[in-house]
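Input: a single structure, listed below in structure tokens.
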């Protein structure tokens, strides 16, 4: 198979009927003038792979404060298919070369970067310079330096920046945060976090290409496990040590397969995380001085499930996490509501990722982490 590049890496999107809801919403939003005057924000998806196709675009049919206004793709066939399915005007369709022209389009307020990891910084910065608010998929970049560049570009342009961390908008994760904040189960002593799946698909996929992904399981599923450890304790870690395991080097030729890491927190709590592209795991367990609570599954698209040491089952109505996430960001832009997943959060997680890789390179040596109080915590 040919190596996957930015124009061909995505799966072919499913065909379907036109999105009447978008057609009806778009003229209203476009006519509203400035961002602060609008009732709904127009979002352009950059990169039309499986996540945009099967999660983000469908979710944008149900959002209350934003809608699918445009697309950016390097594949002409996708331009036609998406225009037909969602009623996207020709003037709201861009490719990677003419992307800067989006600056002149008042119908598009937000650019959502859904490209391979190595392209996040380039397009987030280009979007900011075009005067558009930015949502960046995880991980924010492939280095802390890239995260800094994105944050700086958004600040200079005066635009809002959010991470595509969907779990912060869904009710099970919010309940976990509340348990920790209220000390419902006492002081947290331990968190176990697992986020993994077994990859058996195309060995040429971009996630297994380090130039495109920046890393393997840690840069993908590992971000969820890192986040679970943090909101499971309510604190940032002060140190980490890590180990890497490889059992299928013929398949994982260029990226990490399985990584385990141990965190220490300023409260004395500890956490253990595991992430992999070689086995299935999806849970978080939090133990406090007066009980425990658990989510399993904890980080898929839902519905999630939870229980506690009191015999309670956590049950919340299921809604698209992507819908909730994008509406939350739109409310942040439109109404000044707290940003649940900030750019600083994305940078913090990349700082931890880099520390984990450094620990592995040094044979599991403990690496210190130093964060300002509250750094990287969203609203």
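Coordinate-derived values only; no laboratory data. In this text, all values refer to a predicted model and were calculated from it rather than measured experimentally. Neighbour counts are summed over all protein chains in view; Cβ atoms, including those assigned to glycine, are modelled from backbone coordinates with ideal geometry.
Tell me, 82, 206 in order of fewest to most beta-carbon neighbours within 10 Å?
Values: 82 26, 206 23.
The most exposed by this proxy come first: 206, 82.
Given points 7 Å out from each Cα along the Cα-Cβ axis, report the residue 280 to residue 254 separation in nanometres with one decimal.
2.8
Mark the label point 7 Å from the Cα of residue 309 along Cα→Cβ and return the residues of region 160-196 whose backbone N is within less than 12 Å of it.
184-190
Given the chain, what percent of its DSSP beta bridges are antiparallel, to the nearest 5?
Antiparallel bridges: around 60 percent, rounded to the nearest 5.
Let me know the shape class of the chain, please: from the alpha-carbon gyration tensor, a ≥ b ≥ c as square roots of the eigenvalues, rounded when a/c is under 1.5, otherwise prolate if a/b is greater than b/c, or oblate.
Numbers: a/c = 1.73, a/b = 1.40, b/c = 1.23.
Verdict is prolate for the chain.
Using only the alpha-carbon atoms, how far is helix 144-157 inclined from the longest principal axis of the chain? Give it as 0 to 90 degrees, nearest 10.
40
What fraction of the DSSP beta bridges in region 174-314 is antiparallel, stated in percent and rounded to the nearest 5? Could the numbers behind the result be given before it?
Details: 33 of 40 bridges.
About 80 percent, rounded to the nearest 5.
For the chain, what does -39500 (n - 2.57) per DSSP helix run (n ≥ 4), summed and divided by total residues, give at 222 nm, in deg cm²/dmol to the nearest 500? Present the calculation step by step, with values, prior to reporting the outcome.
On the way: 9 runs with 108 residues, N = 379.
Estimated from H runs of four or more residues: -9000 deg cm²/dmol.
Please report 73, 366, 200 as a ranked list, fewest other C-beta atoms within 10 angstrom at the top and most at the bottom.
Details: 73 24, 366 13, 200 10.
The most exposed by this proxy come first: 200, 366, 73.
Under 13 Å from a point 7 Å along the Cα-to-Cβ line of residue 200: which residues of region 254-292 have their amide N that close?
278-280
In which sequence would 65, 318 go, from the one with the fewest C-beta neighbours within 10 Å to the one with the most? Don't skip to the end; give the middle numbers.
Working: 65 19, 318 13.
Fewest-to-most Cβ neighbours within 10 Å comes out as 318, 65.
Against the longest alpha carbon principal axis of the chain, how many degrees, from 0 to 90 and to the nearest 10, is the axis of helix 120-129 turned?
50
Specify whether the C-alpha gyration tensor of region 208-302 places it in the rounded, prolate or oblate class, a ≥ b ≥ c being the square roots of the eigenvalues: rounded for a/c under 1.5, otherwise prolate if a/b is larger than b/c and oblate if not.
On the way: a/c = 2.37, a/b = 1.77, b/c = 1.34.
Note, shape of region 208-302 comes out prolate.
Translational diffusion coefficient of region 20-165 at 20 °C, 1.002 mPa s, Stokes-Einstein with Kirkwood Rh over Cα pairs, in µm²/s as a whole number.
142
With each pseudo-label sitting 7 Å past Cα toward Cβ, what's the residue 272-residue 100 distance in nm, one decimal?
So the label points at residue 272 and residue 100 sit 5.3 nm apart.
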